[in-house]
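The values are calculated or read from the model by the stated rules, or taken from the named source; none is laboratory data. This one's a predicted model, so the numbers in the text were calculated from it and none came from an experiment. Glycine also receives a Cβ, built like all others from the backbone with ideal geometry; neighbour counts cover every protein chain displayed. Heads up: the accessible areas ignore ligands, DNA and RNA and are worked out on the full protein's heavy atoms, side chains in. Shrake-Rupley method; radii C 1.70, N 1.55, O 1.52, S 1.80 Å.
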Amino acid sequence: MQTSFTAEQLRDPDTAEANKILRTCVHCGMCTATCPTFLLLGDELDSPRGRIYLIKDMLESGRPASEQEARHVDRCLSCLSCMTTCPSGVHYMHLVDHARRHIEETYVRPWPERALRAVLARVLPRPGLFRLSLRAAALARPLARLIRGRGTTAQRLRAMLSLAPATLPPRSPMQEVALHPAEGTRRGRVALLTGCAQKVLDPTINEATIRLLTRMGIEVVVPRGQGCCGALTHHMGRHDPAMAAARANLQAWGAEIEGQGLDAIVINASGCGTTVKDYGFMFREEPEAALAAKVSSLTMDVTEVLERFDYRPSREAPGLTVAYHSACSLQHGQKITTLPKELLARAGFAVKEPTEPHICCGSAGTYNLLQPGIAQALRARKLDNISRLDADLIAAGNIGCMTQLSGDALPVVHTVELLDWMAGGPKPAKLPA
Amino acid sequence: MMLADGTAQGHFGPMIRLPPPKPEILARRDAILADLRRLLPEDAVIGEAIRLRPYETDGLSAYRQMPLAVTLPRTTEEVAAVLRYCHAHGIRVVPRGAGTSLSGGALPLEDAVVIGLMRMNRILEVNYADRYAVVEAGVTNIGITKAVEGDGFFYAPDPSSQLACMIGGNVMMNSGGAHCLKYGVTANNLLGLTFVTIEGEVVRIGGQHLDAAGYDWLGLITGSEGQLGMVTEVTVRILRSPEGARAMLAAFSSVEVAGQAVDAIIGAGVIPVALEFMDKPCIHACEAFAHAGYPLDAEAMLIIEVEGSVAEQDMLLNRIKKICARFDPISLKLAESAEQSLAIWKGRKGAFGAVGRISPDYLCMDGTIPTGELPHVLKRISEMSAHYGLGVANVFHAGDGNLHPLIMFDANDAESFRKAEAFGADILKLCVEVGGCLTGEHGVGVEKRDLMVAQFTSSELALQRAVKSAFDPGWLLNPAKVFPLEGNEALAA
Amino acid sequence: MSAALDKVTAPDTEEGVAEAVRAALASREPLAVEGRGTKRAMLRPVQAARTLSTRALFGITLYRPTELVISARAGTPVAEIEAALAEKNQKLIAEPPDLRALFGVEEGATLGGVVGANLSGPRRITGGAMRDHVLGIRAVSGEGEVFRSGGRVLKNVTGLDLCKLLTGAHGTLGVLTEVTLKVQPAGEATGTLALRVAGLEEGIAALSAALGSPFGVSGAALLPEGHAPLGLDGPVALVRIEDFAESVTYRLGQLRAALSRFGEVSVLEGAPSRAAWRAVRDAVPLGAQPEEAVWRISVAPSRAPAVSAALREAFPARLLLDWGGGLIWVAGPATADSHAAVMKAAASAGGTFTLFRAPEALSAALPVLPEEPAALASIGQRVKAVLDPAGILNPGRMRAGA
């Protein structure tokens, strides 16, 4: 497409990058076909192509973002389904991330929204605070019906309360232990990003990961100083907090790489994996550029690590059918599509995928809190598609999806929990006895 | 350049003449928006400049024109209401499907209301016994096939934008696709339409039966590019999918020889389900991107696909292989499995994207030529390429003569774009010169409007215009498309 | 009509045709437009002072077998075109019927005639109708102007598709002078499954199963009375395959297995298969008597049994079903009552009808085609006014006063 940035504007490396991305777009419109919001809303403005056009206009004009631009960019799930579809290789993710930053920095949102976003940005990445707020939400839940009104804020508050789990799992000390030695001969050494929200909502994911990897002869470190990957704040356009979180991780992992070395940085929440694999890009103009590139190249989803170290089951298949939910960050963000299914099949499960597998479940980070209407519509659509599979349970590779899809007919577990179970671990407690 | 509404416009505005907007309509803009908001739900009318901007263009993004308003109806009744209103007030209308048109079919006018079909996306009925499906016009082409593939059926016309393009647009453009050599184009696969006239009258044309009696309105409306009315529902034929399909690849040392091989295949009575030709620049672009193992020393390459049981596939592929062998191919590769077939197709399917990666932008042309003229036409195109200093890669539907030259240019360079347009126009005129036509499947749109005089005499154009006027005397429906503006009184300011 | 036959103009050039139309326009004399007049008894009789025939405007002007294209002047006999195609192992896809027997005439149809009437035979069900293969036309408008539409290439969406408009317009919108058609290879071999079915319902179900199979069926007919000359006892469903010999063998075998549940199966190959389909194509099994009227009804196949029952209840109707049941040929008493029954049955099945052949007195007085919705009728009048402003081309051929 034609772009019209001034030479002055193009001196800014981020703008230059945005221009490069915009030029690759030929406006063919194929992306609209696989975009969940275009599917639901049927408006060019809620399609990747339309957003690209809005963003182009916004950035070229150099003016502050307006309510319209914020609205349509906010509605983007960042599911990246468009990137999978795009024949021209448009890097939509980098473009929309840049646009979000521009919106955050130039558009003044209505104060209830500002307040909510500030709370989410502060609380979610901090497990301690998050745990406290979930306790409060659990208590406030019965009062949800007192929140009246069809306004956006009311909808969001209700959504938050309904998503908060009724009971919290107990703290897991295992997640805090810095070093988990390999069982038997050590075949490799990895760092595990234990995450932030995941640690509170479902510690069994990290526990299963650690058990399985150590059983396979891999030493697992949980470096001090590691924390939230920064995805949450990054997707809200809050550049500095995101970079700060990422920087802390770079330092923690850098120390390990320089120290005893790492074969991989393992991530079991695919939403985080996509961001960490993008650290190389995010830090390209920063002093940490080389380290960030190194870190990104070492980063693997847990399924990639299991494949690399030749995962094998050690017990008989339990005769269960798994509905495999392919998280957007995994299939579109990291291009990992068949591997988790192959591993589950290798482990002895019958694996089925729902129709429209490329369409997001609506979780998308904080999306289900900030865009409850669309998120709920997508959730219902996904669960409906899954219900037709006649499966016993749902497996996914991302905590966000798991939370979003819970509470319906089928139990939801993480892929790694099932793989751990089949290779010597306990049966996941979420499954019926 | 900044506009008064604070939005930016590029270095150069629309490159094609549009009829002057009606000042009385522009003056009444706010009142019109208010009226439309009374006719349709709130979220179905778009009026603010920022939100109108993405609707200013379609797949031919070089041409841009902001509309007066955009409406997104959900039902035939809503479409009829908008048309009735526009007709009563002399407001021009531009229909829009998915906006994937490569000929600028959805390019708006400053004084026009865009009516978008995107929200009319329901499948209404599927009948396997009688082999038809009734769908709303906003259902995507692949959406129809997806709805019936679980039961072993498909909808045959498969334009390469089928993922996103909508059946309503397919009807308006009479879209084709690689399958059309064997299965025909859109017009050959329709049974009925729900058609809305500019006066807002809803008419059922055809139905679930073949061959309506009386005049072939279905045939006339198909391919009419929004000139005659709007289509809101379509009854399509669905076909049982063949048992299987498999591809082969044949690479030749010259275009002439490849053309002779194609002639020999058809002459032997074999009609493959796909017969795709790629020239050397195209082979190279595809290979660089897809690493499909295409031979880089070939001047021309054919991808041929056949259908049937495995044994039938073998029989046909071997027949074709024997025929191709007579022409001293550089390589011949028969797929032995579905995976190998996919691998052969991989490069070709990514052709447009591949060209997009070696060039900032490209213009995808669409002319048809008698297949025997291919070597001559390609030679002339390569001469033009040297003359204009722009690269070009050619994809050719060898079975039906539809040629897609991909002209590489840089949209940020005004001169480059002007040259690309001139190059494209020269190619299309050449197509007509050798006995072909301006457009095989993309439609005339705005892109080829001014070239219509190369294919039709002025009295033939007058006749077509008069037929259009029979449906739309006030020229409110998509008036800037298909027919040259000169001498059309209905469009004078 | 006979007055018109005394004054016949048969120009041998396109310009001659244009002159004839201009002369008629000048003297305000309506013209009956025809090729060799084989189908005069079709639809409605034309009130005209003179007949304009294209019989002298013949000859194949272009034939490119490897481009699947043939062009010929409108007065070229269809038989000549078919012969030229057969020499190169090709065929007319739509399989136009030879209606000499049905219309009681000696001469065969012209290209302009079968295109003007959009006549298609059994292969229409999967191969497409005549109108699907008209790639280009040259014609003379009602103002005596020569115009073209389409061209000689398979893919063409340039401008409004007047080829489709003039195909099946029975000469009322223009006089065809040249037509370009898409053609196809003739299959190397052919074979037919004949299924002795219990009744029409089972027959339609069998044809539906055949057409819904992946075996590329190219003909699907149902003969309620069978066809004695071919040794076929009715009701019998016929399913045809045309392809390379190995495919014909394989597919007939597969279809036999798939369809044997509908009835006893026998196979016709080669000449007997061809003979069977020629008979179906020409509506021979219908056994229409010269004094009877013949109708064609087009419906969704699954409605055919109900339509057939309604007709048989209304009058002693003889039927022949083609296109998987989507086309119903009807022969019966040439009365207004029978016609009313046909119209009613077609309408209630959501389909359409044509009074194909009837004595003049009947067809002059009754609607030979269904009435159009008002909006469409008014557009039709305006389109006719564009192409034939003075209304001199075949007035009243399709509808009274049109």
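Would you confirm whether or not the stretch C:377-393 contains a residue that is open to solvent by 10 Å² or more (accessible area, probe 1.4 Å), farther than 30 Å from residue C:22 by Cβ and assigned to a loop (DSSP other than H, G, I, E, B)? No, the stretch C:377-393 has no match at all. Among the residues here, residue B:222 does not qualify as buried (at least 23 other Cβ atoms within 10 Å of the Cβ), under 24 Å from residue B:468 (Cα atoms) and more than 8 Å from chain C (Cβ to nearest Cβ). Within the stretch B:389-400, the presence of a residue that is within 13 Å of chain C (Cβ to nearest Cβ) and modelled with pLDDT of 95 or more is excluded. Quick check on residue B:238: is it touching a residue at least 24 places away in the same chain (Cβ under 8 Å), within 14 Å of chain C (Cβ to nearest Cβ) and under 30 Å from residue B:470 (Cα atoms)? So residue B:238 fails the test. The residue of the stretch A:16-45 that is nearest to the other protein chains (Cβ to nearest Cβ), among those that are touching a His at 6+ places or on another chain (Cβ under 9 Å), surrounded by fewer than 23 Cβ atoms within 10 Å (Cβ to Cβ) and in contact (Cβ under 8 Å) with a residue 12 or more places away in the chain, is A:24.
When we screen C:33, C:17 for residues that are out of contact with any Gly (no Cβ under 7 Å at 6 or more places or on another chain), over 23 Å from residue C:153 (Cβ atoms) and among the β-branched types (Val, Ile, Thr), the only hit is C:17. Taking the stretch C:349-376 as the range and being out of contact with any strand residue (DSSP E or B) (no Cβ under 7 Å at 6 or more places or on another chain), farther than 26 Å from residue C:141 by Cβ and surrounded by 19 or more Cβ atoms within 10 Å (Cβ to Cβ) as the test, only C:349 passes. For the residues B:156, B:213, B:164, B:187, the requirement of being of a type in the set (Gly, Ala, Ser) and open to solvent by 10 Å² or more (accessible area, probe 1.4 Å) singles out B:213. For residue C:5, the conditions (1) in a loop (DSSP other than H, G, I, E, B); (2) open to solvent by 20 Å² or more (accessible area, probe 1.4 Å) all hold with the exception of (1). Among all residues of the stretch B:341-361, there is at least one that is acidic (Asp, Glu), surrounded by 21 or more Cβ atoms within 10 Å (Cβ to Cβ) and modelled with pLDDT under 95. Scanning the stretch B:241-272 for residues that are over 15 Å from residue B:401 (Cβ atoms), within 11 Å of chain C (Cβ to nearest Cβ) and open to solvent by less than 10 Å² (accessible area, probe 1.4 Å) turns up B:261, B:270.
Residues that are surrounded by fewer than 19 Cβ atoms within 10 Å (Cβ to Cβ) and basic (Lys, Arg) do not occur anywhere in the stretch B:55-69.
What helices (runs of 4 or more DSSP H) completely inside the stretch A:342-433 contain at least 3 residues that are surrounded by fewer than 22 Cβ atoms within 10 Å (Cβ to Cβ)?
The helices (runs of 4 or more DSSP H) meeting that bar are A:372-387.
Selection of first residues in the stretch B:144-163 that are within 11 Å of chain A (Cβ to nearest Cβ) and of second residues that are open to solvent by less than 20 Å² (accessible area, probe 1.4 Å), restricted to Cβ pairs under 7 Å at least 6 apart or on distinct chains, gives the following pairs, ordered by first then second residue: B:147/B:133; B:160/B:177; B:162/B:141; B:162/B:177. When residue C:321 is tested against (1) more than 30 Å from residue C:352 (Cβ to Cβ); (2) open to solvent by less than 10 Å² (accessible area, probe 1.4 Å), just one condition goes unmet, and that condition is (1). Evaluate the following for residue C:334: is it open to solvent by 10 Å² or more (accessible area, probe 1.4 Å), aliphatic (A, V, I, L, M), at pLDDT 95 or above and in contact with a strand residue (DSSP E or B) (Cβ under 7 Å, 6 or more places away or on another chain)? Yes; evaluated as a whole, the condition is true for this residue. Looking at the stretch B:424-454 only, could you name the residues that are within 7 Å of another protein chain (Cβ to nearest Cβ) and buried (at least 24 other Cβ atoms within 10 Å of the Cβ)? Answer for the stretch B:424-454, where residues must be within 7 Å of another protein chain (Cβ to nearest Cβ) and buried (at least 24 other Cβ atoms within 10 Å of the Cβ): B:436, B:437, B:438, B:439, B:440, B:441, B:443, B:444.
A single entry from C:174, C:226, C:159, C:150 fulfils the requirement of being surrounded by fewer than 24 Cβ atoms within 10 Å (Cβ to Cβ) and within 11 Å of chain B (Cβ to nearest Cβ): C:150. Among the conditions (1) at the interface with chain B (Cβ under 8 Å from one of its Cβ atoms); (2) out of contact with any helix residue (DSSP H, G or I) (no Cβ under 6 Å at 6 or more places or on another chain); (3) in a loop (DSSP other than H, G, I, E, B), the only one that residue C:120 does not satisfy is (2). For the residues B:366, B:361, B:400, B:413, the requirement of being of a type in the set (Asp, Glu) and more than 22 Å from the chain's Cα centre (by Cα) singles out B:413. Screening the candidates C:38, C:66, C:51 for the property of being without any contact (Cβ under 8 Å) to a residue 24 or more places away in the chain and either over 21 Å from residue C:138 (Cα atoms) or crowded, with 20+ Cβ neighbours inside 10 Å (or both) yields one hit, C:66. For the stretch C:337-346, the set of residues classified as touching a strand residue (DSSP E or B) at 6+ places or on another chain (Cβ under 8 Å) and either surrounded by fewer than 21 Cβ atoms within 10 Å (Cβ to Cβ) or of a type outside the set (A, V, I, L, M) (or both) consists of C:338, C:339, C:343, listed by residue number.
Annotation: residue B:132 fulfils all but one of (1) among the aromatic types (Phe, Trp, Tyr); (2) under 22 Å from the mean Cα position of the chain (by Cα); (3) more than 13 Å from chain A (Cβ to nearest Cβ); the unmet one is (2). In the condition set (1) under 15 Å from the mean Cα position of the chain (by Cα); (2) open to solvent by 10 Å² or more (accessible area, probe 1.4 Å), residue C:59 is compliant with all but (1). Does residue B:479 qualify as being surrounded by 24 or more Cβ atoms within 10 Å (Cβ to Cβ), away from every other protein chain (no Cβ under 12 Å), within 19 Å of residue B:17 (Cβ to Cβ) and modelled with pLDDT of 95 or more? The answer is yes for residue B:479. The condition (being away from chain B (no Cβ under 14 Å) and touching a strand residue (DSSP E or B) at 6+ places or on another chain (Cβ under 7 Å)) is satisfied by just one residue among C:232, C:255: C:232. Count of the stretch A:297-310 residues, restricted to those that are touching a Lys or Arg at 6+ places or on another chain (Cβ under 8 Å) and buried (at least 19 other Cβ atoms within 10 Å of the Cβ), is 2. Being at pLDDT 95 or above and closer than 25 Å to residue C:271 by Cα is the requirement here; does residue C:173 meet it? So residue C:173 does not fit the description; no.
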